[in-house]
Amino acid sequence: RKSGPDSKLQKTRLAARKAAFERIGWDVAERDDRLVAKRIAEHESVDSVHNLDQAGLLDAFLAFLREIGFMGFLEKMAPSRRQRFIVPSTLILLTYAVKVLLGIEHMYSMPDLLFTDPAMMKVMGFNARWMNEGLCKRSHEKRKEGKEPPKPFSAQMVANFIADLLVRESANLFNTAIRCLAKFGAFPSEVTLIIDGTDVETTEKCEGAGTVVRTETMEDASGQIKSRNIRLFGFKAVVAYEQCTEIPVAVIVTKIQRHESCCTKRLVRQAESNLAPGKVSIKRVLMDRGFIDGATMAWLDDRDILFVVPARRDMQIYKVAHIYAAENRGSVQRRKRTVTKGYGKNRTKEILETEVIGITDLKFWDTYADPESRKKIGRRGYEPRPINAVVVRIWDNKDYGPGGKVVYLTNQSVSKPLETFDDYDGRSLIENTLFREGKQAWALENIPQKNQRAAVAHIFMTFAMFALTMAYRTWMQQEEEEEEAYYSTFSRIKAADDSDEPLGVRRWRRELKKAVMDYVIVFHEDIYGIFHVMEFTVLAGYIVKELPEELGTREQIFARYGQRFPG
C-alpha cells in the first residue's frame with residue numbers, strides 16, 4: 001500500500017467520490033477491465049472479489065438494455081401513485097426485473113437468492129453502505145433482539161412498489177421494451193404473429209380477479225371418463241407472439257372470463273404500434289378457433305393481413321367445405337416424409353403421409369364482411385365475402401375419408417394447400433415455448449401481491465423480460481465476434497445446440513453458469529473487471545506453471561490488459 005502526501009490525496013478523492021456516489025443515489029457500475037487489472041498488477045487494494053455466476057448474466061444483459069435504449073426508459077419511470085421515494089424507482093424496478101430474469105418464484109425467496117449475492121447487487125447499482133446497513137432504520141426499536149434488519153430493503157417493499165404501478169404504466173413498460181427492440185432491429189421486415197391466450201390463475205382472495213366456470217374432464221380409478229365443473233379465479237393474458245424470433249410483441253391482460261376474440265383487433269393494433277419504430281409490417285396472423293370472428297377476419301383482410309384459423313364444427317362453411325372436399329372441388333396436394341422413432345436396437349423408420357385439399361371462393365360465412373355489407377345480412381341477394389379453405393384428408397397416416405376433418409379458413413392462396421397447412425402447424429409454438437416456459441421457468445403465476453395492479457404489473461414485466469432475454473440471446477449469437485472482444489467471458493456460449501430443439505431458458509441459465517464458473521468479478525468503487533481466475537492469479541504476481549492454452553502466456557496476459565510485464 002502506498003503512503004505519503006500522494007496517498008492521502010488519493011484517499012481524499014476516493015472518499016469524496018464515494019460520498020457523492022452514496023448521496024446522489026445510484027448508478028449502474030461500469031466495467032473497465034484495464035483499470036482494474038492495473039490495480040491488481042500494481043498490488044493496490046480493491047474492494048472485493050467474487051466468483052462470476054449470476055453477475056455474469058447481468059453484466060452483458062444490462063449493457064444490452066442500455067444499448068437498445070430501454071435502460072434510459074427505466075431510469076425515468078416511476079409510479080404516479082407514489083409521491084416520495086427513499087431510493088430511485090429505477091433501482092426497485094431493476095431489482096424486480098432481475099428477480100423475474102433469474103426465475104425466483106416467490107417474493108420471500110428474494111432476500112436469500114438475490115440480496116445475498118454481493119456481485120449481482122453491485123452490478124445492479126447497490127453501494128456498500130446499503131448492503132451493510134440497509135436503507136433506513138425505521139421501526140428499528142420494534143425488532144426482536146438479535147434480529148438483523150433487511151438489507152438493502154425488504155421484499156415487501158418491492159412488492160408494494162410493483163403494486164403501485166397503474167395498469168397503463170405496466171403496459172407502457174412492456175410496449176416500450178418491444179419498441180426499443182424493433183428500433184434496434186431485432187425483427188425481420190415482415191413478421192408472422194401467433195395469437196393465443198392463457199389463464200393466469202390466482203386465488204379467490206385476489207382483489208379485482210375475474211372468475212369463470214370451466215368443465216374439467218378426468219379419468220377415475222375404474223377408467224371411466226367423468227366431467228365436473230370447476231371455478232377458476234384470475235386473469236387472462238392474450239399475446240401476439242412473433243414466430244421467427246419467438247418474442248411476444250403485444251400483450252393484453254384482462255379478466256379470466258373474457259373471450260379472446262374480443263381482444264384481436266386491439267392486440268393487432270398494439271403490435272403494429274410496437275413494431276412501427278423498426279418499420280416492421282405484419283404479414284400473417286395465426287389463431288386458434290377461439291378467436292374466430294367474421295367481422296375481425298374481414299378487418300384483417302381489409303388491412304392486407306393474411307390469416308389462418310380453424311373453422312368451428314357448427315359453422316355452415318365447415319360443412320360445405322367437407323362436401324366440396326368429398327367432391328374433389330379443389331387443389332389436392334399430398335406428401336410423404338420419413339421419421340425415425342426409438343433409439344438403438346429399437347430404432348425404426350416410418351413413412352408418414354399427409355393429404356390436403358385447397359378450396360377457393362367459399363361464400364358461406366355470412367359475418368365475414370365489412371361493416372356496411374353486414375347490415376344487409378338476411379336480405380335478398382346478399383353474398384358474404386368469398387374465403388378459401390384447406391381441408392385435411394390424411395394427417396400422418398390418419399385417414400379421415402374423402403370429406404376430411406379439420407378445416408382451415410384463410411384469405412391467402414390455397415393453390416398449394418400444404419403451405420397453408422404448414423403455416424398453421426407453427427401455431428403450437430406459443431403454447432410450447434412461451435406459455436409453458438412462462439409458467440414453469442418464469443413464475444408467471446406467482447404474483448407479488450393479491451390484487452389486480454400487482455398481478456397485471458407482474459404479467460407485463462414477465463413478458464417484457466422474456467422478450468428482452470430472447471432478443472439478447474439472439475444478439476449474442478449474431479455479434480459473437482464483437483462480443484468475444486468485449487465480453488470474452490461469454491464467447492463460448494451458444495444460442496442453440498446441434499439439435500433442432502429450442503434452448504429453454506432454464507437450460508440456457510445452466511449453460512451460462514457452466515461457461516463462467518472459472519471467472520471472477522473484481523470491484524473497486526463504482527467500476528469492476530471480469531477475469532479468468534488464472535488471469536487474476538497471474539496479474540496478482542503469482543507464477544502459474546500450467547496456463548490454459550486459450551489464455552496464452554504470462555506476457556500475453558499482461559499485454560492484453562495494457563500492463564507492463566514485471567519479468
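The values are calculated or read from the model by the stated rules, or taken from the named source; none is laboratory data. Just so it is clear, the structure is predicted and the values come from calculations on it, not from any experiment. Virtual Cβ from ideal backbone geometry, glycine too; neighbours counted across all protein chains shown. To get the accessible areas, we keep the full protein, side chains included, count just its heavy atoms, and leave off ligands, DNA and RNA. Shrake-Rupley method; radii C 1.70, N 1.55, O 1.52, S 1.80 Å.
Do we have residue 44 as at pLDDT 80 or above, of a type in the set (Asp, Glu) and in a helix (DSSP H, G or I) here? When the stated conditions are applied, residue 44 does not pass them. Based on what the data block shows, is residue 201 of a type in the set (Asp, Glu), in contact (Cβ under 8 Å) with a residue 60 or more places away in the chain and assigned to a strand (DSSP E or B)? So residue 201 fits the description; yes. Exactly one residue out of 332, 308, 339 is in contact with a strand residue (DSSP E or B) (Cβ under 9 Å, 6 or more places away or on another chain) and farther than 24 Å from residue 429 by Cα, and it is 332.
Take residue 254 and decide whether it is surrounded by fewer than 23 Cβ atoms within 10 Å (Cβ to Cβ) and either closer than 24 Å to residue 429 by Cβ or polar (S, T, N, Q) (or both). Taking the combined requirement at face value, the residue satisfies it. If you go through region 517-553 and keep only what is closer than 16 Å to residue 45 by Cβ and loosely packed, with under 14 Cβ neighbours inside 10 Å, you end up with 540, 541.
Look at (1) among the aliphatic types (A, V, I, L, M); (2) more than 21 Å from the chain's Cα centre (by Cα); (3) open to solvent by 30 Å² or more (accessible area, probe 1.4 Å) and you find that residue 276 fails only one, number (2). Restricting region 554-565 to residues that are within 11 Å of residue 538 (Cα to Cα) and not β-branched (Val, Ile, Thr) leaves a set whose member that is least open to solvent (accessible area, probe 1.4 Å) is 558. Checked against the criterion of being in a loop (DSSP other than H, G, I, E, B), open to solvent by 70 Å² or more (accessible area, probe 1.4 Å) and touching a helix residue (DSSP H, G or I) at 6+ places or on another chain (Cβ under 8 Å), the candidates 384, 402 yield just one match: 402. Of everything in region 390-399 that is surrounded by fewer than 17 Cβ atoms within 10 Å (Cβ to Cβ) and part of a strand (DSSP E or B), the residue that is nearest to the chain's Cα centre (by Cα) is 398.
So, of the residues in region 275-303 that are assigned to a loop (DSSP other than H, G, I, E, B) and touching a residue at least 40 places away in the same chain (Cβ under 8 Å), which turns out to be farthest from residue 244 (Cα to Cα)? Break it down into steps so the answer makes sense when it comes.
Here is the first cut: in region 275-303, the ones assigned to a loop (DSSP other than H, G, I, E, B) are 279-280, 288, 292-293, 303.
If we keep only those that are touching a residue at least 40 places away in the same chain (Cβ under 8 Å) too, we end up with 279-280, 288, 292-293.
Working: 279: 16, 280: 13, 288: 18, 292: 23, 293: 26 Å.
Across region 275-303, the extreme among qualifying residues is 293.
When residue 491 is tested against (1) open to solvent by less than 20 Å² (accessible area, probe 1.4 Å); (2) out of contact with any strand residue (DSSP E or B) (no Cβ under 9 Å at 6 or more places or on another chain); (3) at pLDDT below 70, exactly one condition is not met: (1).
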